[in-house]
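Where a number appears in this text, it was derived from the coordinates with a stated rule and is not lab data. Predicted, not measured: the structure shown is a model, and the values here were computed from it. Here the Cβ positions follow ideal geometry from the backbone for every residue, glycine too, while neighbour counts run over all protein chains shown.
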Amino acid sequence: MTEKTPKIPSKIPDEIAGPPDAPRGLMARLRNYFLTGLIVAGPIAITFYLTWWFVTWVDNMVRPFVPVAYRPETYLPWGIPGSGLIVAVFALTLLGFFAANLIGRQLVGLGETILGHMPVVRAIYRGLKQVFETLFSSNGSGLRKVGLVEFPSPGMWSVVLISHAPNEQMSACLPGEEEHVAVFLPCAPNPTTGFFFYVPKSKLIEVDMSAEDAATLIMSAGVVQPGGDPNKKIAALGEVLKAANIANATPTQNPAKVE
């Protein structure tokens, strides 16, 4: 007597097959939409928050120096945000006007002479003055050019911001007769930290890119490329987040334990 082979059902019951893929796909799409919206709204919200924080910070610093009779909240039931910032801009412009005159230059020179005789304050003031003159000078070129250097090993190139050439004292200490240039290598994703070093000019490749585009490239770890369509940049970030979600949602297969 032969046994009959059990017939395999053509359709697996729902209790065994599990839930359909439609809800899972819907949740994935909703998650991607949420992340895309976060990418669009996040930078805008942070920008407004930092702007509001800066305006409020300046207002709180300038308000004690403004007489009560000239404050907007004295005549209005609420204060006007940014009034202190307007006063600060006007005061700095007026200070620059007086400092550009002959009497103003003499007063500034007298103040620098007094600060120059203070041992600790002298070093701080001179360093900060050089930094501000380099960053805010209309004809300065420090950290405004972008280049590539072979770092951290041969065949690997890093984006750097080009500074000025070293002075005579530093040039005499550098080996070789080739001209060197100072560069700053920002770290990703925080470009405010990095490495500062001197590199031979022949080892530096200048790139036709602005410092802002270089900072964006570094902060995004190469995802957001300079130029191009902004919508494509957002789509690229969305694809990266989508790939990361897929990788995180994939269950890891652990080998079975043998007892």
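Structural remarks
- Translational diffusion of the stretch 145-226, µm² s⁻¹ [Kirkwood Rh, Cα pairs; Stokes-Einstein; 25 °C; 0.890 mPa s]: 185 µm²/s
- Site pair L148 and V68 shows an inter-label distance of 6.5 nm when each label is modelled 7 Å from Cα along Cα→Cβ.
- Pair F54, L110: separation of 7 Å Cα→Cβ label points (nm): 3.5 nm
- Additional length obtainable on full extension of the chain from E212 to F197, 0.36 nm per residue less Cα span: 3.3 nm
- Extension gain from I86 to F34, taking 0.36 nm per residue of separation minus the Cα-Cα distance: 14.9 nm
- With R₀ fixed at 51 Å, the C-beta to C-beta distance from Y125 to L26 puts the FRET efficiency at about 0.25.
- Exposure proxy ranking, count of Cβ atoms within 10 Å, fewest first, for K145, K203: K203, K145
- The overall shape of the stretch 87-222 is prolate: from the C-alpha gyration tensor, with semi-axes ordered a ≥ b ≥ c, the ratio a/c is 1.5 or greater and a/b exceeds b/c.
- Computed FRET value (nearest 0.05) for A188 with L94, which takes r as the C-beta separation and R₀ as 45 Å: 0.60
- Model label points for I205 and A45, set 7 angstrom from Cα along the Cα-to-Cβ axis, are 4.0 nm apart.
- Sorting 160-170, 180-190 by average packing, meaning the other beta carbons within 10 Å per residue, from highest down gives 180-190, 160-170.
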